[in-house]
1. Cysteines without a disulfide-compatible partner in the protein assembly as shown, using Cβ under 4.7 Å as the rule?
2. With the cut-off at 1.5 for a/c, could you classify the protein assembly as shown from its C-alpha gyration tensor as rounded, prolate or oblate?
3. Ignoring everything except DSSP H segments at least 4 long, calculate the 222 nm mean residue ellipticity for chain A; use -39,500 (n - 2.57) per segment, divide by total residues, nearest 500.
4. Two decimals, Cα atoms only, Kirkwood Rh: what is Rg/Rh over region A:159-247?
5. Under the rule of -39500 (n - 2.57) per DSSP H run of 4 or more residues, summed and divided by the residues of chain B, what mean residue ellipticity at 222 nm is obtained, to the nearest 500 deg cm²/dmol?
6. Beyond a 18 Å Cα-Cα separation, which of these cross-linked pairs lie in this structure: A:LYS70/A:LYS171; A:LYS283/A:LYS320; A:LYS39/A:LYS89; A:LYS296/A:LYS318; A:LYS25/A:LYS147; A:LYS220/A:LYS289?
7. Leaving ligands, DNA and RNA out of it, rank B:TRP82, B:TRP195 by accessible area with a 1.4 Å probe, largest first.
8. Using a Förster distance of 41 angstrom, determine the FRET efficiency expected from the C-beta separation of B:THR68 and A:ARG189, and round it to 0.05.
Amino acid sequence: MLNVENLFLQKGEFSLKKLSFNVEKNSYFVILGKTGSGKTMLLESIAGINEIEGKIFFEEEEITTLPLQKRGFGFVYQDFVLFPNLTVKENIVFSSRYKQIIDADALFLDIINFLQIEHLLERKTTHLSGGEKQRVAMARAIYSRPKLLLLDEPLSAVDPTFRNAIMKSLKEIVKRYDTTIIHVTHNFREASYLADHIAVMMDGSIIEQGESNRILNHPKSIEVAKFLGFKNIFPSSLLNENTLENVFSIDPNAILFSYTSSLTKYCFKCVIEDIMGISDHYKVFARVKEHLFFVKVPKHMFAKLDLKEGIKCYLCIKKKDIVFI
Amino acid sequence: MIRDKCFLIIFIFLAAVIALFLLVPLVQLFINVGPVKLLDALQEKEVYESIFLTLKSSFYAVLFVCVTGIPLAYLLARYDFWGKSFVESLLDVPVMVPHTAAGIALLVTFQNGEIGVFLKSIGLEFLDTTTGIMAAMMFLSAPFLINGAKEGFKKVDVKYEHMARTLGASRMSTFFSIVLPNARNDILNGALMMWSRGLGEFGAVVIIAYHPMIAPVLIYDRFTNFGLSYSAPVAASMILVSVSVFLAIRFVNNRF
C-alpha cells in the first residue's frame, strides 16, 4: 500500500538516512524510536510536509511530489494542533469545506459516539483537557476519511488514566473506518499493544523492522534489545553453547538464586554485590565472572533465601527463558 | 514587607509622572477650549471636512498596506531568505527618518521622477491630492502594520497550516481560514497603530499636499495665521474624533 524507497532528508546536522519500508493496507504500523531519532520528521515527510529525496508510492502511484492536501492522509500531532479559532464541531468537520465526505452525517454521528465527544461539540478547543483534545484531533482526522492515518506520539500528552481506553479505541479505528495507521512513539509498551508491524528508528535510520512479536521478543541487534528494555545482555560464550548469535539476554524476573548448582540447566557461581529494596521486590546485583547480572527477587523469596551482600551462591537460568540476540 | 512597600511606592510614583505627563496636556486642551467652542468647531465645514479627510486618507493607507503589507509580513514570518535582514531593516527606516525628509523623498519620486511621470500617465497625481496625502501617511506608518502582522504570523504555529492542508485546504484557503483569523489581534492592533499614526502625520504631508488640508495641517495653518485660540478647538475636535473611533474599534475587536 505505502512503499517508501530510499527516503533521504537533511535538516541541519540531522538527516533521515535513505529509509525504505512497506506498510500493508489495513495494518497498524508503529515506528518506534527515542526522542530525536527522526520519527516525526519521517511522518511529516510521508504526509508531504517536507521535500525529500527518494520515492514514496501509495497504492502503486508515486506521490513523492504530490502536495499534502492531495494525498488524502490524516495527521494527528503530538500536541493535537486543534484550530483555536474554531469550535470542536467546526474542527471536526473542517475537511468538509474542501472535499466531499461520503455519508458525512452518519460518519459524524458515528465518530462522536465512538470517541464519546458529543458533549464537547460547541466548546472552544482551548478549554479542553489533554485527553479531550486527543479525541477531537482523532475525530477530525478520521472524519476526513483518510486512506492512511499518521499519528505522531498521540498518547504522550494524555493523562495515564485515559491512555488504556484511548489505546483500545486506536486499535479499533483500523477496522471500523477501513484505514491504515502509521503511529510513531518512543513507548515500546504502546507498540507492543497496538502494532502489527514495527520499525525501530535510531539516529535517522531504521535499524530493524518486521512483525511486531518478532521485534519485541527476538530483536536482532543489541541496540534494539536495549531500547526495548532487554536487561542482562551478555556474550553467548558464557553459556558454553554453540550458537550463531553472539549475545543473549535474560529477563531479571526469570533468574533464580540457589545454594546448589543443579537447580536449572545453567547455574553459575556468583557473588551478591548490591541489594536494593523496592516496594514488592528486591533488586539484586550479582557478579558472575566479569559480568554483573540484575535480578528481581520477590520479597517472600528474598526472605527464604536470606540473601546478603557479599555472600556466594548460584545464579540459575532456565533454557526456555534465554533470548538469543 | 516594608521593602516591598518601598518598591511599590517608587514604581507607582515614577509611573504616575509619565502617565500625568501624557494625560494632562490633553485634558488641559479640552478644559481651555470648553464644550461650546468644541461643538462650534465640529460644526464648522472646513474643520469637519479636514477631520474626515484625515480619517479617510489614513484608512485608505491602512487598506492598501493590508493588501500589500500582510503578504510581506507573512513571507518575513515564515521564510528565511537571502537579504531578509536587509528587508526587515529597510522596513524600520521610515520610522527613523525626519518626516519632512520623507516628504521630500516622496515628492522627488512621485512628482518629478520617472516613476512620477509614469504614474501621472495613468492618472495618479501626488502633489496636493488625497493620493499624495495617503502616500505620505503610508510611507511613515506602514511599518506598524507590517511588523504587527509579522509578529502575529510568528505566533501561529506552522503546524496549523500543515494540519489544515492534510485536511484538504489549499495554501490560500489555509491562509484565509486558519492563519489570518489566528493572527487577527496582532494584525488589527498593527492596523490601529498605523491608522492612528497616520492621523497625526504632518511633516511629510505638508510637503507633498498642503491642500486639501488634513486636520494637522489645518491646526498648523490656523495657529500660524490666527493664533492659539483658533487652532485649539480644531486640535481638540481632532483628538476627540480620533480617540472615539479608536476606542470603538477596540471595543468591537474585544467583543468578537
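1. If one checks each Cβ against the other cysteines of the protein assembly as shown, A:CYS270, A:CYS313, B:CYS6, B:CYS66 turn up with nothing under 4.7 Å.
2. Prolate, because a/c is 1.5 or more and a/b exceeds b/c.
3. Numbers: 9 runs with 82 residues, N = 325.
Using -39500 (n - 2.57) per qualifying helix, the result is -7000 deg cm²/dmol.
4. Result for region A:159-247 is an Rg/Rh of 1.07.
5. Helices in chain B give a 222 nm mean residue ellipticity of -27000 deg cm²/dmol.
6. On the way: A:LYS70/A:LYS171 26 Å; A:LYS283/A:LYS320 22 Å; A:LYS39/A:LYS89 30 Å; A:LYS296/A:LYS318 15 Å; A:LYS25/A:LYS147 9 Å; A:LYS220/A:LYS289 26 Å.
As for pairs spanning more than 18 Å Cα to Cα, those are A:LYS70/A:LYS171; A:LYS283/A:LYS320; A:LYS39/A:LYS89; A:LYS220/A:LYS289.
7. The ranking, largest first, comes out as B:TRP82, B:TRP195.
8. 0.15
The values are calculated or read from the model by the stated rules, or taken from the named source; none is laboratory data. Predicted, not measured: the structure shown is a model, and the values here were computed from it. Positions of Cβ are generated from backbone atoms using ideal geometry, with glycine treated the same way; all protein chains shown enter the neighbour counts. Just so you know, the surface numbers come from the protein's heavy atoms only, side chains and all, with ligands and any DNA or RNA stripped out. Shrake-Rupley method; radii C 1.70, N 1.55, O 1.52, S 1.80 Å.
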